[in-house]
1. Take the residues in segment 117-170 that are of a type in the set (Phe, Trp, Tyr) and assigned to a strand (DSSP E or B), then tell me which one is nearest to the chain's Cα centre (by Cα).
2. Just name the residue that is farthest from residue 186 (Cα to Cα) out of those in segment 64-108 that are of a type in the set (Ser, Thr, Tyr) and either more than 11 Å from the chain's Cα centre (by Cα) or part of a strand (DSSP E or B) (or both).
3. Please go through segment 166-185 and give me each residue that is touching a helix residue (DSSP H, G or I) at 6+ places or on another chain (Cβ under 8 Å) and either under 21 Å from residue 103 (Cα atoms) or among the polar types (S, T, N, Q) (or both), ordered by number.
Amino acid sequence: MKKEKVYTICYDTLDVFNTKEDAKKFYTTCFYSSEGAEQQRYASILVGLNFKNIAYDNVSDSCNEISIKLDKYKDKYLKLKLNDFLSIHDTVELYEKLIKPILEVSDEYDIDFNKKIPFETFGADNDINMSSFSEYYKDLCRIFKIEFNKIETKEFSDGKYNLYMDDEIIDIRAWDNLQSVIDNVKTIMEIYKKKYLENAIGSDNEFN
């Protein structure tokens with residue numbers, strides 16, 4: 001069973017930690033290596049962490065970036081720049097409902113988005129001894145409760161692929177980063193919503 005994540009908000013960034021101990025260790029180091037107003041920011045977060053799994057500095061009221069402590073890669077973080085400032089609530093919701101599930105599936109495939117070519121070992125459906133783009137995106141569809149009759153991947157040039165979602169095509173690349181995958185998932189959600197849910201009431205698979 002996966003542990004609940006710990007969130008801190010500092011300098012308009014949502015930091016995502018795996019444990020409260022990780023968060024406290026990080027901000028304790030920040031506290032003792034700073035002074036004045038900056039130190040007060042870190043002190044506010046440390047106090048907040050004593051009571052719950054989300055803590056704020058004494059200034060930020062929105063976020064334009066998410067920094068994620070990775071599970072499998074020690075001392076590595078993923079940074080994701082947001083297109084605009086979001087409320088703290090909306091930023092946490094974006095992480096929990098969209099980004100976290102993508103990262104959990106990616107972990108199962110040992111994808112490291114800090115690499116220059118995260119999908120270097122992935123290929124088309126007819127590639128031998130390569131991981132499957134199709135299976136990866138099938139698992140993402142499964143976790144978001146999206147259904148297509150057919151999902152397949154064909155290469156059209158070196159490292160560049162067409163991902164077929166029934167009769168729709170999405171361009172994917174061996175060097176796709178986390179933001180690229182997020183954008184692909186959003187596109188898949190839009191395709192599914194348009195093709196299969198346009199007459200459904202109360203369906204909401206869209207993240208803006």
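Laboratory data are not the source of any read-out in this text; all were calculated from the coordinates shown. Given the structure is predicted, the values throughout are model-derived calculations rather than measurements. Reconstructed Cβ throughout: ideal geometry from the backbone, glycine too, with neighbour counts over all protein chains shown.
1. Initially, segment 117-170 is screened for residues of a type in the set (Phe, Trp, Tyr), giving 119, 122, 133, 136-137, 144, 148, 156, 161, 164.
When the remaining residues are screened for being assigned to a strand (DSSP E or B), the result is 122, 156, 161, 164.
On the way: 122: 19, 156: 27, 161: 22, 164: 23 Å.
Applying the filter and picking the extreme gives 122.
2. For segment 64-108, the residue satisfying everything is 73.
3. Residues satisfying the conditions are 170, 172, 173, 176, 178, 181, 182, 184, 185.
For every residue, the table says whether it meets (1) in contact (Cβ under 8 Å) with a residue 12 or more places away in the chain; (2) among the β-branched types (Val, Ile, Thr); (3) surrounded by 13 or more Cβ atoms within 10 Å (Cβ to Cβ).
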position	(1), (2), (3)
78	yes, no, yes
86	yes, no, yes
89	no, no, no
109	yes, no, yes
119	yes, no, yes
128	no, yes, no
131	yes, no, yes
147	yes, no, no
185	yes, yes, yes
